[in-house]
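The values are calculated or read from the model by the stated rules, or taken from the named source; none is laboratory data. Not measured: the values here are computed from a predicted model. Methodologically, a virtual Cβ is constructed for each residue, glycine included, from the backbone with ideal geometry; neighbour enumeration extends over all protein chains shown. Accessible surface areas use protein heavy atoms only, side chains included; no ligands, DNA or RNA. Shrake-Rupley method; radii C 1.70, N 1.55, O 1.52, S 1.80 Å.
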Amino acid sequence: DVIGKRVSEVIPGIQIADMELFEVYGRVAATGRPERYESQLKSLAVCFSLSIYSPAPGFFVAVFTDITESKKAATAVLESKRFLQSSLNALTAHIAILDEHGTIVEVNEAWNRFAREKDFQGSQLGMGDNYFNVCKSASGSFSEEAAEVAEGIAAVMRGQSEEFYLEYPCHGSRVQRWFA
């Protein structure tokens, strides 16, 4: 039903709602260079990804892909991530979330403050670092506890233990703390 019709006939109101799209159509028809474009048609409550190319000078072809559901899913994931981060930051406990390999994938603000107070350099104990490697490379008076923490957490992750509990000191230059 759309062959031979103008885009404005197929999608009423699009010319007013999305003038930039018509600029893209004109540019592709004039230059022959293909372009990709995303558009949200509020009148239809639909999001499209468009691949636009020119089969001949002065003409264009637009391939529409409905991406409404994937956009909704991406928005939901982003909102969930923001909620998680806000919830984590509201807690006073130092929290780091690890993936199955021990890589830190999320930390809360209390964790970041702790790392700053301990004068950790660079990204050490930050997102992307491997927590187990950091514990194993610890030196000084708390290196034994750090190794025990790494092994205890790893045992829980391997399913060899349901929980791990250890109280240990982790004092900074400005504050003395005990962790459990």
| query | Quick one: how many residues across region 1-32 are small (Gly, Ala, Ser), surrounded by fewer than 15 Cβ atoms within 10 Å (Cβ to Cβ) and either touching a helix residue (DSSP H, G or I) at 6+ places or on another chain (Cβ under 6 Å) or under 28 Å from LYS72 (Cβ atoms) (or both)? | reply | 2
| said: Based on this model, can you work out whether SER123 counts as within 30 Å of SER80 (Cα to Cα), modelled with pLDDT under 85 and open to solvent by 60 Å² or more (accessible area, probe 1.4 Å)? | reply: yes
| task | Hey, can you tell me all the residues within region 33-55 that are more than 29 Å from the chain's Cα centre (by Cα) and open to solvent by 40 Å² or more (accessible area, probe 1.4 Å)? | result | ARG33, PRO34, SER43, TYR53, PRO55
| task | Please find, within region 102-111, the residue that is modelled with the highest pLDDT out of those that are in a helix (DSSP H, G or I) and farther than 18 Å from ALA146 by Cα. | result | GLU109
| field | Residue selected from region 74-113 under the condition touching a residue at least 40 places away in the same chain (Cβ under 8 Å) and open to solvent by less than 70 Å² (accessible area, probe 1.4 Å), by the criterion farthest from ALA154 (Cα to Cα) | value | HIS94
